[in-house]
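Everything below concerns the one structure shown next.
The values are calculated or read from the model by the stated rules, or taken from the named source; none is laboratory data. All values derive from a computational prediction rather than experimental measurement. Positions of Cβ are generated from backbone atoms using ideal geometry, with glycine treated the same way; all protein chains shown enter the neighbour counts. For accessibility, only protein heavy atoms count, side chains too; no ligands or nucleic acids. Shrake-Rupley method; radii C 1.70, N 1.55, O 1.52, S 1.80 Å.
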Amino acid sequence: MIRVESVTRRYGFLTAVDEVSFAVDQGEIVGFVGPNGAGKSTMLKMLSTFIHPTAGTISVDGLDVVEHPLAVRRRIGYLSGDTPLYQEMRVDKFLRFIARARGLKGDALQQGLARAVELCGIEDVLTQRVKECSTGFRQRIGLATAMVHDPPVLLLDEPTHGFDPLQVLAFRDTLRALSPDRAILFSTHIIGDVEAIADRVLIIHQGRLLGDGRVEQLAADADIPGAGLEAVFAHLVRTTTPAHV
Amino acid sequence: MSDAQRLSAAECLRGARIVFDRELESYFDSPIAYAYAAVFLVLSCTTFMNSFFLDGVVDMGPYFTALPFLLIPFVPAITMRAWAEEHAQHTFELLMTLPLHSLQVVLGKYLAALCFYAIVLAGSLPIVLMLLFLGDPDLGRICASYLGALLLGAFFLSFGLFASGLTRDQIVAFVLAALFGFFFVLSGHEKVVEVLDGLAPAYQPGTWLYETISVLPHYEAFGHGVIALADLLYFALMSGFFVSMNYLSLQRSKY
């Protein structure tokens, strides 16, 4: 579903993503892990068509993101790291706007809204303004906007940010329930989220992909067999970063 | 063939309508819009009533004469938040990753701002009723003047939105749009033309600006009851130019 081939993204002289290649297939949940500024969000922004790659190609469901941005956007549900919401709008009106913009109308619109509201558990805040909702609810509203059109590809940047532990568990269950029919790529700082739900891990640091595989496989490749993701992540990042005092 | 090339006019309007609905609602969701409308109406109507009582003529001319000068600060006040607010709320990324073409988003925002302006402008219609009650005003001239006022607003809004798209700061957007407004209005003012011509008599820059770029000669024709094709084209081309520039500035942000 997602194919990234030798993708580079530069901002002036800064290389945010450097020659990165990977793929995510239908039915896979892939966790994207890396320190702050590693290039995770930049990669997701390119996948979502918000920015273009400087070099390389990205395709979603066989469609090039630069050549067919609108067709790609119809196939993806994207939640960016800032949880973008119109603060003054009522939650139900905001979701209706997103659903209409995603091409839903009539019964499909009503069903899409009902499904997203139930999946994300936001029934209680539908008539409130977004700015009146708690951080956790705002994050769930953001997730609902990504899921309202039932997309085959989900791109989630820090999806559990602001969740309490129970909400994190509920979110993991939701993602697992959604995964058989779609490709899911999510970035996070929370190693526990990745270990709990991801089938595969991408480790990125300073714009370069350091690891792509299951945790056990990455641990074996790093000569620390049996180690957890945290140890593998720390090992890979430290061995590619100059030591600081 | 890319997505952009495949977008038909009907699809373009359908997407623009979705953005238009949200934008227009957002104007009325905010108390700022009501305060804006009230201040604009009070200022424009009191300016008119002052000359109405002094001159004692049943004519809306003074209202429309003052309008370009009032719009210099008031239109930037409408448009300054259009894009800057999207950046402040981080919704710019959301908007630009919805399956909507950038042109649909720009048109939706522009038409919503124009609709809001038209509603505020319609707040002056009681003046027409008052004039009809008191005497026999030239209705044809009043209608032409309203058309001119609408086109003038459409032009001001187009560069106001363009200015808002150039910066993430609302104040900078306001100042930029107000400077555009000053330039297009004052370049048509008799005294400014004289001063500019005096600076370089051989080139007559004031006259050149007045004849080619200034909005006032085109707007004032409507005030005389004349609807000329050249004036309609001026407003259509200038507004289209700035709307296109707004669209292009959005495209640039992808690189």
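If you scan segment A:10-46, which residues turn out to be touching an Asp or Glu at 6+ places or on another chain (Cβ under 6 Å) and either on the phi > 0 side of the Ramachandran plot or of a type outside the set (A, V, I, L, M) (or both)?
A:S21, A:F22, A:E28, A:S41
Which residues, counting only those in segment A:185-239, are surrounded by fewer than 21 Cβ atoms within 10 Å (Cβ to Cβ) and assigned to a loop (DSSP other than H, G, I, E, B)?
Correct list: A:H189, A:I190, A:D199, A:Q206, A:R214, A:A222, A:D223, A:I224, A:P225, A:G226, A:A227, A:G228.
Each row is one residue, and each column tells you yes or no for (1) in contact with an Asp or Glu (Cβ under 9 Å, 6 or more places away or on another chain); (2) of a type in the set (G, A, S); (3) in a loop (DSSP other than H, G, I, E, B); (4) open to solvent by less than 60 Å² (accessible area, probe 1.4 Å).
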site	(1), (2), (3), (4)
B:L131	yes, no, no, yes
B:R141	yes, no, no, no
B:L151	yes, no, no, yes
B:L157	no, no, no, yes
B:A163	no, yes, no, yes
B:V172	no, no, no, no
B:F180	no, no, no, yes
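Of all helices (runs of 4 or more DSSP H) completely enclosed by segment B:183-255, which ones contain at least 2 residues that are among the small types (G, A, S) and within 19 Å of B:L71 (Cβ to Cβ)?
Those helices (runs of 4 or more DSSP H) span B:216-223, B:229-252.
As an exercise: evaluate A:R100 against (1) more than 7 Å from chain B (Cβ to nearest Cβ); (2) outside any loop (DSSP other than H, G, I, E, B) and give the number of the one condition it does not meet.
(1)
Which residue is modelled with the highest pLDDT, if the candidates are limited to segment A:174-190 and must be over 11 Å from the mean Cα position of the chain (by Cα) and over 18 Å from A:G162 (Cβ atoms)?
A:R182
Residues to consider are A:T174, A:T160; find the one that is without any contact (Cβ under 8 Å) to a residue 60 or more places away in the chain and outside any helix (DSSP H, G or I).
A:T160
Does segment B:20-33 contain any residue that is over 30 Å from A:L156 (Cβ atoms), more than 14 Å from chain A (Cβ to nearest Cβ) and either modelled with pLDDT of 90 or more or within 21 Å of the chain's Cα centre (by Cα) (or both)?
No, every residue in segment B:20-33 fails to be over 30 Å from A:L156 (Cβ atoms), more than 14 Å from chain A (Cβ to nearest Cβ) and either modelled with pLDDT of 90 or more or within 21 Å of the chain's Cα centre (by Cα) (or both).
The conditions are (1) more than 10 Å from every other protein chain (Cβ to nearest Cβ); (2) modelled with pLDDT of 85 or more; (3) surrounded by fewer than 16 Cβ atoms within 10 Å (Cβ to Cβ), and B:H90 fails exactly one of them. Which is it?
Just one mismatch for B:H90, condition (1).
Per-residue answers, yes or no, for (1) in contact with a helix residue (DSSP H, G or I) (Cβ under 7 Å, 6 or more places away or on another chain); (2) open to solvent by 10 Å² or more (accessible area, probe 1.4 Å); (3) not in a loop (DSSP other than H, G, I, E, B):
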site	(1), (2), (3)
A:E5	no, yes, yes
A:T15	no, yes, yes
A:F22	no, yes, yes
A:V30	no, no, yes
A:P53	yes, yes, no
A:G56	no, yes, yes
A:S59	no, yes, yes
A:Q87	yes, yes, no
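Give B:T79, B:T65 a once-over and let me know the one that is farther than 20 Å from A:K45 by Cα, open to solvent by less than 40 Å² (accessible area, probe 1.4 Å), assigned to a helix (DSSP H, G or I) and among the hydroxyl-bearing types (S, T, Y).
Details: B:T65 fails: open to solvent by less than 40 Å² (accessible area, probe 1.4 Å).
One residue alone meets the criteria, B:T79.
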